[in-house]
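Computed from the coordinates by the stated procedures, all read-outs in this text should not be read as laboratory data. From a predicted model like this one, the values you see are computed outputs, not experimental measurements. With ideal geometry, Cβ positions are generated from the backbone for all residues, glycine too; neighbour counts draw on all protein chains shown.
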Amino acid sequence: MALRSTTETERHLIEIFEKTLYAGIQQAILATAQIPELVAESTLELTRYDIKGAMRGPGGEDHVGCIALIRMSSESDVLRSSVFKVCGESILQDLTNLHHALKRIEVERGVGVDYGKGVTPLSRRLLIRVVSRLGMQQGGGTVLHTLLEEPLREIVAQKSTPTTVEKLFRLCEAALDLSFFSPPLLSHLFRNRASDLDSLFQTVIMGYSGLSFTSEADSTTQQWGRLRCGVICLLRACQSMTDYSSGVFTALIKAECEAAAAQCGQGPESGSNLFIEDIVGEEKIHTGAYVILIGECLKHLSSSKHMTVEDQVESCRRCVQVLKHCAPDVASVLLHVSPEATVHVDPRVTLAEAWFSTMKTLASVCRHSEQIISSLAAENVQTLFGESLSLAMLFIFMKDIGGKKRPAPDVQRGMSSDGPQTLAISDFIAEAMLLGPPILAGSISALSAHIQLNCGNEVPAEVLGAAAISASILRAISGATPPWVVEDTPVLFKSMYVALGSNPDLFIQTLGVSTKLETMTAVGGLRAGEKLSGRYLDASESHINSFLSKASETVAKNDWKKMKVVLKSATGGKKKESGFNLKPHYCNWECERV
């Protein structure tokens, strides 16, 4: 598509635009090639703005020449076409040559030196994205192929070499370079050149076996942490789920869960060389990142306008297969009884957030696509939802909230509930229940494998499942989770109401059943004979009836916000000096700048 004119004035304006665009592109290329991004070591970790003399944008990151080029290649198809019109087909080769020159300078500077001559690695990689976007529109296959081969050759060259700091660094840089190519190119790579990537993923998987509980992270472990981030960036950039990548995801998640379980097995005061902030933690990217990527992939697949329905369904099916294969490993980590970690970074916390956030995304995708959920029935996706609801309930039931004559213990079993993991659990439960009675029935089926319930008269499976979920929510707001969870209860109980067919009588009946459910054996924080809903609902018949009556009035008026007040009153009122933090935000899962 090209700019067209119909009047002399328009032709003049277009001529001015094209001259300006050409001059802008040439100046951006010249500035990137000749003016260093940083004249000395970056000060961004210490100051709000970077050092004087830096050719960086207002945000304090990336060379302004590269920023200009990336904008020219990403704003619109029309602008990309205009770039070729004013610069000719040779622009792709010019940009590729610039990238090669900057890469040579980067190698000459040495490992970890981002200042002096040239630009930082991230700014250089922006050129890969520019060439990739322009080439995909204009059919620059030869140039793109040549550019793509460079990081692939580096990965293949490292295949048989021993694991050293240099090898890990080179693999990381190659993975990050690949992550800046366009998703269609990466998808093709994963389908047709998978064997070239094997050493990349195998090195990350093998790195988890280097877990130590006493030594600090050495330089090799530091570089492995960077490589893990590079692999995550590459998997994220692909935006599709091939047979090969589904196997990679499964292996990576299982390896991380195995290491996390081993760490938890050493107790809360154990040291670690992996589960620390600057390796598998906030300074790089958290435990659970691979699971988060599956959720991101599901979101992309469900909204993509460039895929056929068949391809969407097939990729979603592969995502579900990964989640199914890894669900037992994730559950064993999340339900580990070791108390909250005090010395290392507790891997369970962010893994829980990742798992339940991804399961919420899957539930949302299934709820809004009849074709996807019908095709996933063969994958037994309902069982996966049921097991995840059971996992959420078991986490809550792990917490001992005390009884009428005994206080709650100071040290609780399992990971802390004070963080975004509980927010993710709440959001998942609300979304999953909207899938209807089969999911509710599946949740009680999965829960019954862990808890033997005394539920009195025979109750339909979907009602019993909803009642167990209700009991877990009541226990949560009785002290098992932070007080802010009560703010989510209107959404949670409205979802339950809708899942039960928006039947007021059935909903109140379910609440009634939830106040009577007891465990027949000791499980987690529950003692034999204890009510699942907690000590505040282990009360007189008049207290229970008052609670159900007020809940019934709220439902009749469709005033779900008032349900929060009703629940607070039934579960001991406002929890002052609880020791919990305020409502959190979800974690940041970006790691492009490592």
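Per DSSP helix of 4 or more residues, -39500 (n - 2.57); summed, then divided by the residues of the chain. What does that give at 222 nm, rounded to the nearest 500?
One gets -19500 deg cm²/dmol as the mean residue ellipticity at 222 nm.
Starting from the Cα gyration tensor of segment 60-187, multiply each eigenvalue by 5, take the square root, and state the resulting semi-axes largest first in whole Å.
Largest first, segment 60-187 gives 27, 17, 12 Å.
Quick one: dipole size for segment 255-393, taken about the Cα centre, charges +1 on Lys/Arg Cβ and -1 on Asp/Glu Cβ, in debye to the nearest 20.
520
Over the chain, what is the mean sequence separation of C-alpha contacts under 8 Å (at least six apart), divided by residue count, expressed as relative contact order in percent?
It rounds to 10 percent for the chain.
When the Kirkwood radius is taken over all Cα pairs of segment 467-594, what Stokes-Einstein diffusion coefficient follows at 4 °C and 1.567 mPa s, in µm²/s?
82
Would you mind checking the pairs 404/561; 404/531; 561/583; 557/583 and listing those with alpha carbons more than 24 angstrom apart?
Long pairs (Cα-Cα over 24 Å): 404/561; 557/583.
Using Cα-Cα distances under 8 Å and only pairs 6 or more residues apart, what relative contact order does segment 464-564 have, in percent?
Relative contact order here is 33 percent.
If you put +1 on each Lys and Arg Cβ and -1 on each Asp and Glu Cβ, how big is the dipole of the chain around its Cα centre, in Debye rounded to 20?
Computed about the Cα centre, the dipole is about 1060 debye.
Among 430, 554, 440, which residue has its Cα positioned farthest towards the positive end of the charge dipole of the chain, with +1 placed on the Cβ of Lys and Arg, -1 on the Cβ of Asp and Glu, and the dipole taken about the Cα centre?
Looking along the dipole axis, the top candidate is 554.
Tell me which of 320, 70, 22 sits at the most positive position along the dipole axis of the chain, charges placed on C-beta atoms (Lys, Arg +1; Asp, Glu -1).
Result: 320, furthest along the dipole toward the positive end.
In nm², what is the average projected area of the convex hull enclosing the Cα atoms of the chain?
Mean orientational projected area (the chain, Cα hull): 31.3 nm².
Going by alpha carbons, how many degrees (0 to 90, nearest 10) lie between the helix axis of 64-74 and the longest principal axis of the chain?
The helix 64-74 is inclined about 70 degrees to the chain.
Report Rg/Rh for segment 419-500, rounded to two decimals, where Rg is the Cα radius of gyration and Rh the Kirkwood radius.
0.96
Mean separation of Cα pairs under 8 Å and 6+ residues apart, divided by the residue count of segment 333-470: what relative contact order is that in percent?
That works out to 35 percent.
What is the total of Lys pairs in segment 79-204 with C-alpha atoms under 22 Å apart, excluding same-chain pairs fewer than 8 positions apart?
Here the count comes out as 4.
About its Cα centre, how strong a charge dipole does segment 435-594 have in debye, to the nearest 20, once Lys and Arg get +1 and Asp and Glu get -1 at the Cβ?
The dipole of segment 435-594 has a size of about 560 debye.
I'd like to compare 67-74, 461-468: which one has the highest average count of other Cβ atoms within 10 Å, and what's the full order after that?
Ranked by mean Cβ neighbours within 10 Å, highest first: 461-468, 67-74.
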